[in-house]
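Derivation of every value follows stated rules applied to the coordinates shown; laboratory data play no part. Being a predicted model, the structure only gives us computed values, none of them experimental. Using ideal geometry, Cβ is built from the backbone for each residue, glycine included, and neighbour counts are taken over all protein chains shown.
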Amino acid sequence: MAQPTSGGAPGADDAGLIADMARGDGAALATLYDRHGQGLFGYLLRLAGDRGTAEEILQDTLLAAWRSAGEFAGRSAVRTWLFGIGRRQAHNRLRGKRLEWVNLAEAPEVAATAPGPEAATLAGAEQAEIAAAMERISPLHAEVLGLVFVEGMAYAEIGTVLDIPVGTVKSRVSHAKTALAAELKERQ
């Protein structure tokens, strides 16, 4: 499969693309891939640990999205829905293997987002230090931090992707930040 691009800004018409996919429009799937493929691939690469497996999971994800487009109810953003499908496909593919979080430095370039309050937690740390610390914290913590920092998802979106309540997301992010800060401090 070709490397995804970050074409077109995602927006309200993503739901229209899903409706078009449900009617069998392959071009709608291609447009959805252009819009969300890069971020989704980066997330799957970090979950899978190698490019080939991530590409296979991405294909499985797109096929599952194609097949279930008619069931999309709009309870979440299309992007969140895709990431949730991708996570389930990764877990299905990697069942029996413990999911490990891959070094963020190995992930493809993703669009930069404006710094948020999380940035204060990591102020002063170099990217290589952060990547190394991410490898030392639990995969559960690394996954939630990746969704916040790399994918720029809101807590509600993360809750949808991980299929957990927003309160649990907040707790995991807080614990993950604490774990990451402790790892960074320990190495200084």
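A few comments on the model shown:
- Contour excess over end-to-end distance, with Cα ends at E55 and S174 and 0.36 nm allotted per residue: 39.7 nm
- Working from label points 7 Å from Cα in the Cα-to-Cβ sense, the A27 to S68 distance is 2.7 nm.
- Net charge, Y43 excluded, C-beta distance under 11 Å - Lys, Arg +1, Asp, Glu -1: +1
- Estimated FRET transfer efficiency when R0 is 35 angstrom, pair D13-A182 (beta carbons, to 0.05): 0.20
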